[in-house]
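**Q** Before I ask anything, here is the structure I am working with.
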Amino acid sequence: MVYVPHTEAERREMLAVIGVESMEELFQDIPAAHRYPQLELPEPLSEMEVMQELQELSAASLNANEAPTFLGAGAYRHWVPSVVNHIIGRSEFATAYTPYQPEISQGTLQAIFEYQSLICDLTGMEVANASHYDGATAAAEAVIQAVSASRMKRKKIIVSPYVNPQYRQVIHTYTQGMGLEIAGEATSGALAELVQLVDKQTACLIVQSPNFLGELESLEGLAAEVHARNKKTLLAVATNPLSLGLFTPPGAYGADIVMGEGQPLGLGLNFGGPYLGFYATREKYKRNLAGRLVGQTVDKEGQRGYVLTLSTREQHIRRERATSNICTNQGLMALAAAIYLSTLGKQGLRQVAELNYQKAHYAAQQIDALEAFSVLTTKPFFNEFVVQCPAPAAEINEFLLNGWMFDIIGGYDLSKDYPDRQNQMLLAVTEMNTRTEIDDLVHALAGFEAHRILGGDHE
Amino acid sequence: MSEQLIYELSVPGRSGTRPPKLDVPLTALPTELLRDKLPLPEVSEIDLVRHYLRLSQLNYSLDHGMYPLGSCTMKYNPKVNEAAASLPGFTGLHPRQDEATVQGALYIMYQLQEQLKEIGGFAGMTLQPAAGAHGELTGVLIMRKYQLDRGEMQRDTILVPDSAHGTNPASTHMSGLRVVEIPSDERGNVDLAALKSQLSDRVVGLMLTNPNTLGLFDENLLEIIELVHECGGLVYGDGANMNALLGIMRPGDAGIDVMHFNLHKTFSTPHGGGGPGSGPVGVAEQLVEFLPGPVVRQAISVEDEFPYYTLHTPTQSIGPVKSFWGHFGVIVRAYTYIRMLGAEGLRRTAEHAVLNANYLLRRIEGVYHVPYNRLCQHEFVVEGHFEDAPEVHALDIAKRLIDYGVHPPTNYFPLIVHEALMIEPTETESKQSVDHYAELLLKIAVEARETPELLQEAPHNAPVRRMDEIRAARQPILRYVPVDSR
């Protein structure tokens, strides 16, 4: 029997010790009418057959690492150094549980302590937790932190329309029973306009930089403006952690919460998960923070070590009064991010961030030079920018994928989330896109123009 | 034995990587936006690898030995799962790719949805929730919206038995609902009289952990469900303990309306030292359109009659609970596991999980007090305390087990048992392994009387001695601060 080591003789012996005759007797508390259903499931396979099937399924999709890819919009194709998956694949890390017994979990605990430290350094903040599920849930937790810090007195939150639409949707989902007013999404997204909405009832303002369109928001002075209107309103900033290798972190601009999607830090695309929600805040809010926290302490002999701490915030003690219901988080993904940041280090992270910046700008310049395409992004940007196209983005993507000489995975169709952004495409360029790939994309887009002029539309 | 922090290994000028050369013309950087300092460590690749290798050696893991943490289902994580999840056509897929280019991945998601529906007896399934507690939140939001959409605006209460996971009340509170706790009776079942006294038209539903955290199957399950349904409420099943029921009973058949699965428990995916998990939620027919979106649907393509898979958002969806479609990497592992086992393998999994738990219970009962002594399911709870060794506590027994090279059980949970030790051996432990654990527990019970200090001082041979957790909470140090800037 796969994964069950018992022999028939052992089974009999064990049943005798228990004092029952058969396996079925063990289940006598289960209503007889419902006992032992016939499950309609495929027949079991050998490991060889399972892998053959899965290899076929793997080959049935187009691997974005094997085609020039310009798709981002919240998940990015970056190089993952070999050491990352090598280390997180080790049984000692992968097959351990949440570190409830610190004496035999120092590896996990210290790695998370290092991760928390790295996230603080990267974001310019003072306290980081051990992770949330992803960027979207981290954004929702920021709302909950801000609202619960006000003891549910301030129930208005303001969200920029250029916060990742998935983050905004998850904020709505999480807070649907909390009776909040969510403002700001129908504005132009200009920071000045958002700040004007801050009033006595406002728990937090959430912006994103680089925002969903790839632009760096001008965060200088924003915290002061928000706090001038209401000193208790928190400024929460979602960010791309890789961009912080190059740009001033939100913490240095006075943000109260900095969070976002940690996937760019050494996590593969994996069709959307598991990713990593990183989350950092100010020292004074550490007891409002959700999720696990690792702290440094000493053992009884004075040796330095690490434990899960401030657990009186958590659900196993506080139950319904807990700061959140988080139990399992993204431990192994946080480890991957810590390894990634440590491998690249101070210089490497800046170099990779700069590669993203430079290649994206080169691509934008080349595309903007095309007759029928123009780049709409005017603010500084990191690795994504918006292109106005001569046709719906979906049509262009279809051409890039199936109408060109080889498969190109095009950009994100912004009209899906912003109905007034017809014919607009969000393109992402990372260090993985070689100049040849970028030039090919530009040729293909030029080819799309030619294809239209020649009447390819009738296809 | 301790390891320096990665920051302490840093030497200015080192790096563990060499990024590619820039192959495009330079664009000027916006100097006013550039950061001035980036205090990350600077280490070589070899120093980094040795650092993490040494850290790994400070961990105890499932691949070291028995890890019978109650409620956590630390069963063996088959290596074929890892091989499957590492295939390039899974790891390399961008979640926003055109559906036509990700059919292999959507097929797996669709199949797993169908398999979990079949295993649990449900009409609909979402794979999106990221963990068990996230599935609970999803489930409570579904129940809440269902009641609101049928005009039952006054329903604001979720009933939670005191033998439930602590995440149940926390998830309820996050959903803006009121929690009312229901006590357990002397047999460890939900106290029916107490339940009846709380049933009213204010009840959204009941959250039931069954088997509960005492490892007991509620003997009045069908009656409880009927009572809650009669008053217009729904019943949520906490599926964290599903390992006892695979192929034994389908919770949906018994009338459970919503339930989350824990793929990282029941379906053998590694826990990763605290995640990633995955908490799919199954629902009965009337709740299918409330699931978070999107779910995967099968369509037959007109052109070639091959099945085609699409992402679809249910009409009355509570909304997405996270980015994208779920923890796909975990989903592939669980799918692989179910393909390896089939229906019979799943049933035998549950049978042997329950066999191992009852066997271990019988081997130590009498020596350890068993507060609710019945046939248990996949786990059981004993008191880690002896009347004639009053100074020894459950924590001391747990720490002493570490000295003997095994992982302790869950302790001090559930809260309704004094000095609880909650033990879940799982089916993948052999009789020899369970016997060894029983002998250690018996030996420690003797030590508790003869040499209590051995327990109180334990562990003696772990990488560190007992940690000062009070100091950690009173003077929190939550990040590395270099000595010169303290």
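No value in this document is a laboratory result; all are computed from the given coordinates. What you are looking at is a predicted structure, and each value in this text was computed from that prediction instead of being measured. As a convention, Cβ positions derive from the backbone with ideal geometry for all residues, glycine included, and neighbour counts pool all protein chains shown.
**Q** Whole percent per 20 Å bin, from 0 to the bin with the longest distance: what is P(r) over all C-alpha pairs of the protein assembly as shown?
**A** Here the calculated profile for the protein assembly as shown is 14, 48, 32, 6, 0.
**Q** Let a ≥ b ≥ c be the square roots of the eigenvalues of the Cα gyration tensor of region A:186-287; is it rounded (a/c under 1.5), or, if not, prolate (a/b larger than b/c) or oblate?
**A** prolate
**Q** Sort B:Val382, B:Val283 so that the residue with the fewest other Cβ atoms within 10 Å of its own Cβ comes first and the one with the most comes last.
**A** B:Val382, B:Val283
**Q** Let me ask you something else. With an 8 Å Cα cut-off and a minimum separation of 6 or more residues, compute the relative contact order for region B:6-51 in percent.
**A** Details: 34 pairs, mean separation 31.6, N = 46.
Computed over region B:6-51, the figure is 69 percent.
**Q** What residues qualify as long-range amide H neighbours of B:Leu208, i.e. H under 5 Å apart, gap of 5 or more or another chain, H built at 1.01 Å from N?
**A** Residues meeting the criterion, in which the H sits 1.01 Å from N, are B:Tyr236, B:Gly237, B:Asp238.
**Q** Report the one residue of A:Ala444, A:Leu400, A:Asn383 whose Cα lies farthest in the direction of the positive end of the charge dipole of region A:346-458 (charges on C-beta: Lys and Arg +1, Asp and Glu -1; origin at the Cα centre).
**A** The Cα lying farthest towards the positive end belongs to A:Asn383.
**Q** Rounded, prolate or oblate, given the Cα gyration tensor of chain B, with a/c below 1.5 counting as rounded?
**A** Taking the square roots of the gyration eigenvalues as a ≥ b ≥ c, chain B is oblate.
**Q** Here is a follow-up. Grab the beta carbon distance between A:Gln38 and A:Gln196, set R0 = 51 Å, and tell me the FRET efficiency rounded to 0.05.
**A** With R0 = 51 Å, the Cβ-Cβ based efficiency is 0.20.
**Q** B:Glu8 label point, 7 Å along Cα→Cβ, cut-off 18 Å on backbone N: hits in region A:105-126?
**A** Within reach of a label on B:Glu8, which here means backbone N under 18 Å from a point 7 Å along Cα→Cβ, region A:105-126 contributes A:105-118.
**Q** For chain B, calculate the relative contact order in percent as a whole number, restricting contacts to Cα pairs under 8 Å that are 6 or more residues apart.
**A** 18
**Q** Moving to a separate point now. To the nearest 20 debye, what is the magnitude of the charge dipole of region A:346-458 about its Cα centre, counting +1 on the Cβ of each Lys and Arg and -1 on the Cβ of each Asp and Glu? Write down the numbers at each step before the final one.
**A** Working: 8 positive and 16 negative charges, 97 e Å.
My answer is approximately 460 debye.
**Q** Using a basic spin-label model with each label point 7 Å from the Cα along Cα→Cβ, how many nm lie between B:Cys231 and B:Ser86?
**A** With each label placed 7 Å out from Cα toward Cβ, I get 5.3 nm.
**Q** May I ask you to compute the full-extension gain from B:Lys79 to B:Arg178, defined as 0.36 nm times their residue separation minus their alpha-carbon distance, rounded to one decimal in nm?
**A** 31.3 nm
**Q** So if we plug the beta-carbon distance of A:Arg321 and A:Glu25 into 1/(1 + (r/R0)^6) with R0 = 35 Å, what FRET efficiency do we get, rounded to 0.05?
**A** It comes to 0.25.
**Q** In whole Hz, with x marking every Gly and Pro, tabulate ³J(HN,Hα) for region A:7-12 from phi via Karplus 6.51 cos²θ - 1.76 cosθ + 1.60, θ = phi - 60°.
**A** These are the phi-based 3J(HN,Hα) values: 8, 4, 5, 5, 4, 4 Hz.
**Q** Let me ask something else about it. Could you check the spin-label model distance between B:His64 and B:Ser197? Points 7 Å from the Cα along Cα→Cβ, value in nm.
**A** 4.7
**Q** Of A:Ala142, A:Leu244, A:Gly189, whose Cα points farthest to the positive end of the dipole of region A:82-340 (charges on the beta-carbon: +1 Lys, Arg; -1 Asp, Glu; origin at the Cα centre)?
**A** Farthest along the dipole direction, towards plus: A:Ala142.
**Q** Below 8 Å, C-alpha to C-alpha, sequence gap of six or more: please give me the relative contact order for region B:343-471 in percent.
**A** 28
**Q** What dipole magnitude, in Debye to the nearest 20, does chain B give about its Cα centre under +1 on Lys/Arg Cβ and -1 on Asp/Glu Cβ? Can you show the working numbers first?
**A** On the way: 41 positive and 60 negative charges, 257 e Å.
That gives chain B a dipole magnitude of about 1240 debye.
**Q** Using unit Cβ charges (K, R positive; D, E negative) and no other charged atoms, how large, in debye to the nearest 20, is the dipole of the protein assembly as shown about its Cα centre? Write out the running numbers ahead of the final one.
**A** Details: 75 positive and 113 negative charges, 604 e Å.
That gives the protein assembly as shown a dipole magnitude of about 2900 debye.
**Q** Can I ask one more? Between A:Val298 and A:Arg435, what is the label-to-label distance in nm when each label sits 7 Å out along the Cα-to-Cβ direction?
**A** Using points 7 Å along Cα→Cβ, the separation is 5.8 nm.
**Q** Further question on the same structure: Average partner chain C-beta neighbours within 10 Å, per residue of A:260-270?
**A** Mean shielding by partner chains, rounded to a whole number: 3.
**Q** Continuing with this model, one more query. Search the structure for amide H atoms under 5 Å from the amide H of A:Cys204, placed 1.01 Å from N in the peptide plane, and list their residues when 5 or more places away or on another chain.
**A** Under 5 Å from the amide H of A:Cys204 lie the amide H atoms of A:Ile158, A:Leu234, each far enough along the sequence or on another chain.
**Q** Which shape class, rounded, prolate or oblate, goes with region B:80-340 when its Cα gyration tensor gives a ≥ b ≥ c as root eigenvalues, a/c under 1.5 marks rounded, and past that a/b bigger than b/c marks prolate?
**A** Here region B:80-340 falls in the prolate category.
**Q** Just counting partner chain Cβ atoms within 10 Å, what average do the residues of peptide B:354-361 show around their Cβ?
**A** Across B:354-361, the average partner-chain Cβ count within 10 Å equals 5.
**Q** How high is the FRET efficiency between A:Ala224 and B:Ala28 when r is their beta carbon distance and R₀ equals 25 Å, given to the nearest 0.05?
**A** On the way: r = 28 Å, r/R0 = 1.14.
Efficiency computed from Cβ-Cβ geometry: 0.30.
**Q** For B:Leu192, B:Leu291, B:Leu159, which order do you get if you count the other beta carbons within 10 Å of each Cβ and list the fewest first?
**A** By the 10 Å Cβ count, ascending, the order reads B:Leu192, B:Leu291, B:Leu159.
**Q** Also: Once phi is turned into ³J(HN,Hα) by the Karplus curve 6.51 cos²θ - 1.76 cosθ + 1.60 with θ = phi - 60°, what whole-Hz value does each residue of region A:265-278 show in order, with x for glycine and proline?
**A** Calculated HN-Hα couplings, in order: 8, x, 9, x, 5, 6, 6, x, x, x, 10, 8, x, 8 Hz.
**Q** Here is a further query. Could you give each residue of region A:77-88 its phi-based ³J(HN,Hα) in whole Hz, using Karplus coefficients 6.51, -1.76, 1.60 with θ = phi - 60°, and x for Gly or Pro?
**A** Ordered by residue, 3J(HN,Hα) equals 8, 10, 6, 9, x, 4, 4, 4, 6, 4, 6, 6 Hz.
**Q** Right, something else. Of B:Lys196/B:Lys265; B:Lys265/B:Lys399; A:Lys153/B:Lys145; B:Lys79/B:Lys431, which ones are farther than 29 Å apart at the Cα?
**A** With Cα atoms farther than 29 Å apart: B:Lys196/B:Lys265.
**Q** Taking neighbour counts of Cβ atoms within 10 Å as a proxy for exposure, in what order, fewest first, do A:His86, B:His260 appear?
**A** A:His86, B:His260
**Q** Taking amide H positions as placed in the peptide plane 1.01 Å from N, state which residues far from A:Tyr306 in sequence (5 or more) or on other chains have amide H under 5 Å from it.
**A** When sequence neighbours closer than 5 places are left aside, the close amide H contacts are A:Thr297.
**Q** Among B:His260, B:Val446, B:Ala131, flag the residue with its Cα farthest along the positive direction of the charge dipole of chain B, charges on Cβ as +1 for Lys/Arg and -1 for Asp/Glu.
**A** B:Ala131
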